[in-house]
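Engineer: Would you mind keeping the following structure in view while I ask a few things?
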Amino acid sequence: MPFDERMLNGMGVLTAIVDCGSFAAAGVALVSQSGVSRSVARLEARLGIRLFDHTTRSVTLTDEGRRFYEQIVPLLSGLEEAAASAAQGATAVRGRLRVNMDPFFSRLVLGPRLGGFVDRHPDLQLELITRDQLGDMVSDGFDVAIRFGEPPASSLIARKLLDTRVLTVAAPAYLKKHGHPANPAELESGQHACIKFRDPLTGYPFSWEFHRGRKKMVITPQGRLTVNDVGTLHSVCTAGQGVAQILALGAESLLGSGKMVELFPDWGDEVYQLYALYPSRHHPPAKVRAFLDFIVSLTGAAQAG
């Protein structure tokens, strides 16, 4: 027998009649007595049984009606619990949350502070997957992604979290040996060794940009070393192996301690964005909203620092 919405409504009316004790009382609780009668008549026709015995003073379930009622009550209760559980997901931070995370942000900014978020939400199962690329986050089952760079055109909702400056730096040991470059163009002359960083989208090293107000200079850095990990980039640069371009975010202690020196502060207007990406702005689950609020708190602290 095909199941449809009217049959489910009829079951709800049936339980209301039993709970209220009469068609009239159920009509007051639901729609109207005539609407209740029509729902019962449709359900009886679909089932091929009579559900109620009527007298002028009372209405009682038939034997078939009572058996049917006893079978559907647990099912309807289960549906109510499922609906309540789903609705609670909009307000309660619980269940599994899968996050597609930029490796650099995860290691330097998120990781050291993640424990507080996990402790605040004991009913949440958090799964962080660090990836060089976004991929197809919907088909891969991710609830939210945290990525650097301008997001690709898609149906995803993009929320910018911060702008961080792009710095050109070198270690004091490198500058002592090779001298301080006078201007950005000198870095493509072959006089200096540049540590290049591989773009995960193209597989080729990033070009280097320098911004000063409305002026923009793009160069091709010269060097024999290319890396694809920010931690390696930092360590090689601080060891004096070459000039590097890094994000100001996460490099505060290296600059503050003098392990790295910014080379061209007058060409330091280039910025790189961090975005949160998620599938829909309509009714995002509480777990997604809570995680985004947490990331915003981290990025706000990072910018203030």
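Engineer: PRO221 fails exactly one of the following numbered conditions: (1) modelled with pLDDT of 95 or more; (2) not in a helix (DSSP H, G or I). What is the number of that condition?
Structural biologist: Every condition holds for PRO221 apart from (1).
Engineer: Looking only at residues in the range 264-303 that are out of contact with any helix residue (DSSP H, G or I) (no Cβ under 7 Å at 6 or more places or on another chain) and under 30 Å from GLY179 (Cβ atoms), which one is modelled with the lowest pLDDT?
Structural biologist: Taking the range 264-303 first, the residues out of contact with any helix residue (DSSP H, G or I) (no Cβ under 7 Å at 6 or more places or on another chain) are 265-266, 268-273, 275, 277, 279-293, 295-297, 299-301, 303.
Still in the list and also under 30 Å from GLY179 (Cβ atoms): 265-266, 268-272.
Working: PRO265: 94, ASP266: 94, GLY268: 87, ASP269: 92, GLU270: 92, VAL271: 93, TYR272: 91.
Per the criteria, the residue is GLY268.
Engineer: Checking THR202 against (1) loosely packed, with under 13 Cβ neighbours inside 10 Å; (2) outside any loop (DSSP other than H, G, I, E, B): exactly one of these is not met. Which one?
Structural biologist: Of the numbered conditions (1) loosely packed, with under 13 Cβ neighbours inside 10 Å; (2) outside any loop (DSSP other than H, G, I, E, B), the odd one out for THR202 is (2).
Engineer: On to the next question. Within the range 159-179, work out how many residues are in a loop (DSSP other than H, G, I, E, B) and surrounded by 13 or more Cβ atoms within 10 Å (Cβ to Cβ).
Structural biologist: Looking only at that region, the number is 1.
Engineer: Identify all residues within the range 225-276 that are part of a loop (DSSP other than H, G, I, E, B), surrounded by fewer than 20 Cβ atoms within 10 Å (Cβ to Cβ) and of a type in the set (A, V, I, L, M, F, W, C); write none if there are none.
Structural biologist: ALA239, ALA248, PHE264
Engineer: Here's something else I'd like to know. Quick one: would you say LYS215 is without any contact (Cβ under 8 Å) to a residue 12 or more places away in the chain and more than 32 Å from the chain's Cα centre (by Cα)? Steps first, answer last, please.
Structural biologist: Numbers: without any contact (Cβ under 8 Å) to a residue 12 or more places away in the chain: yes; more than 32 Å from the chain's Cα centre (by Cα): yes.
Judged against the criteria, LYS215 is a match.
Engineer: Only residues that are of a type in the set (Asp, Glu), crowded, with 17+ Cβ neighbours inside 10 Å and farther than 19 Å from PHE291 by Cα: list them for the range 138-158, please. Quick ask: steps written out before the conclusion?
Structural biologist: Initial filter on the range 138-158 (of a type in the set (Asp, Glu)): 140, 143, 150.
Next, from what is left, pick out any that are crowded, with 17+ Cβ neighbours inside 10 Å: 143.
Correct list: empty.
Engineer: Scanning the range 38-91 for residues that are part of a loop (DSSP other than H, G, I, E, B) and modelled with pLDDT of 80 or more, which turns out surrounded by the most Cβ atoms within 10 Å (Cβ to Cβ)? If you could, list the steps in order and put the result at the bottom.
Structural biologist: From the range 38-91, those part of a loop (DSSP other than H, G, I, E, B) are 48-51, 55-58, 62, 89-91; that's our starting set.
Checking the rest, the ones that are also modelled with pLDDT of 80 or more come to 48-51, 62.
Details: GLY48: 8, ILE49: 14, ARG50: 14, LEU51: 21, THR62: 15.
Here the answer is LEU51.
Engineer: Take the conditions closer than 29 Å to SER257 by Cα and loosely packed, with under 13 Cβ neighbours inside 10 Å and apply them to ALA182. Does it pass?
Structural biologist: Numbers: closer than 29 Å to SER257 by Cα: yes; loosely packed, with under 13 Cβ neighbours inside 10 Å: yes.
Yes: the conditions hold for ALA182.
Engineer: Just to be sure, is GLN125 assigned to a strand (DSSP E or B), more than 13 Å from the chain's Cα centre (by Cα) and either closer than 16 Å to VAL296 by Cα or in the same structural domain as LEU233 (by TED's automatic domain parsing) (or both)? I'd like the intermediate steps shown before the answer.
Structural biologist: On the way: assigned to a strand (DSSP E or B): yes; more than 13 Å from the chain's Cα centre (by Cα): yes; either closer than 16 Å to VAL296 by Cα or in the same structural domain as LEU233 (by TED's automatic domain parsing) (or both): yes.
Here the answer is yes, as GLN125 does meet what is asked.
The values are calculated or read from the model by the stated rules, or taken from the named source; none is laboratory data. Remember, it's a predicted structure, so these values are computed and weren't measured experimentally. FYI the Cβ positions are ideal-geometry reconstructions off the backbone, even for glycines, and counts take in every protein chain you see.
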